[in-house]
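*Asks:* This is the structure I have questions about; it appears just below.
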Amino acid sequence: MGVKKVNNPILKTVLLSTLVASVGSAYIATAADATAAANAQPDVKGTDKLRPPDLATLQEVTVTADRLISTARFDQKAALNVMEVQSAQEIAKYPDFDASEALGRMPGISMNGDSGEGRFVNIRGMDANYDGATYGGVTLLNTNPYGTYFNGTGRAVEFDTIPTGAIDRMIVTMTGLPDHDAEGLGGSIELSPRSAAHLTRSFFFDGDVGGGYEAEYSNFSPARLDLAVGGRFGGGHGFSDTGPFSFVLSFAENDDRRHFDDLEESYLDAQPAYPDKAVDNYQLRHYANHRKRTGYSGDLEYTPNDRSNYYIRYAVAGYTEWDTKFEQRYTSMGDGWPVDPANPAGFSSPDP
């Protein structure tokens, strides 16, 4: 029997970076356009019965996407397909560190963990390789293709790279529509960072601070910091809720220090030389893990009128991990144990 001690420090940095910079113009129909189009229609006998009687009095409708639970439930109910929506207000209720843990609380979603935290997610029981994912509308790729849970390669996204504080809303689409990308058989996941679109406040500042203390190892962990600032400005009025420019800047960081104790063993399986599943190796392991997860984003939008919108968006999320593994092995424990002649599945003592 041999004893071996191993001290194996590991430093790993995983960075997920998405950059979206686009300029576009969108046409938005107003109530005046609808009324003009209706009045321009020829007066054909019998068609007045098909025209809504209150078309001329239609008021302008403003669609807003906020962080409230009620809005998420309304969008889910009004959808033409099967989908689940989770708002930032509901995400903040739970002590989740990353997007995978928050997704795991949604119906039809299961989470696969690693090192005490979530990493991959499955939709309706299907392997994570069959799920699509986007962040701010940008398709996400596997940041560690050799670490997929069920096999060595694949396209499963590691959602532990994105802190919950960097997410404004999560949408899980389980049945697609004709205008959706066919990203996955199981479904698709859309993570939305904070956006300045439809911002109605002239200025705001949000902050969230949390932490804990691990008495056994005397460290203040976990620690959490979420900050966001934004508003509307321009038009000669400084910060104003009617300004054509709007912006949002957000920052989120989670600092987590964890310790794990583990016992693993291996067995011999070489009949008839040894009995089946004879213990041959014990490994006493202790892991010291320190992970700092960070995400930040910015969104600047210019809305000169009700029909045009120009924007530049940037978002980055990832983590740096320091991992130290202490290991003590007891090896060759099965050597010298012959098979019992009277019982092929048993041992006979090696002592005379």
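*Asks:* Could you look through region 191-209, keep only residues that are in a strand (DSSP E or B) and touching a residue at least 40 places away in the same chain (Cβ under 8 Å), and pick out the one that is surrounded by the most Cβ atoms within 10 Å (Cβ to Cβ)?
*Replies:* So, considering only residues that are in a strand (DSSP E or B) and touching a residue at least 40 places away in the same chain (Cβ under 8 Å), the one surrounded by the most Cβ atoms within 10 Å (Cβ to Cβ) is L191.
*Asks:* Quick check on my filter: what residues within region 165-190 are surrounded by 16 or more Cβ atoms within 10 Å (Cβ to Cβ) and not small (G, A, S)?
*Replies:* Of everything in region 165-190, those that are surrounded by 16 or more Cβ atoms within 10 Å (Cβ to Cβ) and not small (G, A, S) turn out to be I167, D168, R169, M170, I171, V172, T173, M174, E183, I189, E190.
*Asks:* Could you tell me how many of the residues in region 217-242 are in a loop (DSSP other than H, G, I, E, B) and within 23 Å of Y302 (Cα to Cα)?
*Replies:* Count: 8.
*Asks:* Determine whether A166 is under 30 Å from E301 (Cβ atoms) and under 15 Å from the mean Cα position of the chain (by Cα).
*Replies:* yes
*Asks:* Scan G212, G165, G243 and give me the residue that is closer than 18 Å to V316 by Cβ and out of contact with any helix residue (DSSP H, G or I) (no Cβ under 8 Å at 6 or more places or on another chain).
*Replies:* G165 is the lone residue from the list that is closer than 18 Å to V316 by Cβ and out of contact with any helix residue (DSSP H, G or I) (no Cβ under 8 Å at 6 or more places or on another chain).
*Asks:* May I ask you to list the residues in region 282-333 that are farther than 19 Å from D160 by Cβ, hydrophobic (A, V, I, L, M, F, W, C) and part of a strand (DSSP E or B)?
*Replies:* Passing the criteria: L284, L300, I312, F326.
*Asks:* So if I check each of A79, A56, A65, which one is under 21 Å from H180 (Cα atoms), touching a Ser or Thr at 6+ places or on another chain (Cβ under 8 Å) and at pLDDT below 85?
*Replies:* Only one candidate qualifies: A65.
*Asks:* Checking the conditions here, which among D98, D127, D131 is within 12 Å of the chain's Cα centre (by Cα) and touching a residue at least 24 places away in the same chain (Cβ under 8 Å)?
*Replies:* D98
*Asks:* Another question about this same structure. Those residues that are of a type in the set (G, A, S) and either surrounded by 15 or more Cβ atoms within 10 Å (Cβ to Cβ) or modelled with pLDDT under 80 (or both), I need them from region 128-151; list them, please.
*Replies:* A128, G132, A133, G136, G147
*Asks:* Counting only residues that are touching an Asp or Glu at 6+ places or on another chain (Cβ under 9 Å), assigned to a strand (DSSP E or B) and at pLDDT 85 or above, how many does region 89-118 have?
*Replies:* The total comes to 3.
*Asks:* Residues of region 303-313 being surrounded by fewer than 17 Cβ atoms within 10 Å (Cβ to Cβ) and of a type in the set (F, W, Y), which ones?
*Replies:* Matches in region 303-313: Y310 only.
*Asks:* Please state which one of D340, D323 is closer than 30 Å to Q283 by Cβ, charged (D, E, K, R), surrounded by 13 or more Cβ atoms within 10 Å (Cβ to Cβ) and modelled with pLDDT under 80.
*Replies:* So the residue among D340, D323 that is closer than 30 Å to Q283 by Cβ, charged (D, E, K, R), surrounded by 13 or more Cβ atoms within 10 Å (Cβ to Cβ) and modelled with pLDDT under 80 is D340.
The values are calculated or read from the model by the stated rules, or taken from the named source; none is laboratory data. As the structure is a prediction and not an experimental result, all values here were calculated from the model. Every residue, glycine as well, gets a Cβ built from its backbone with ideal geometry; the counts of neighbours run over all protein chains shown.
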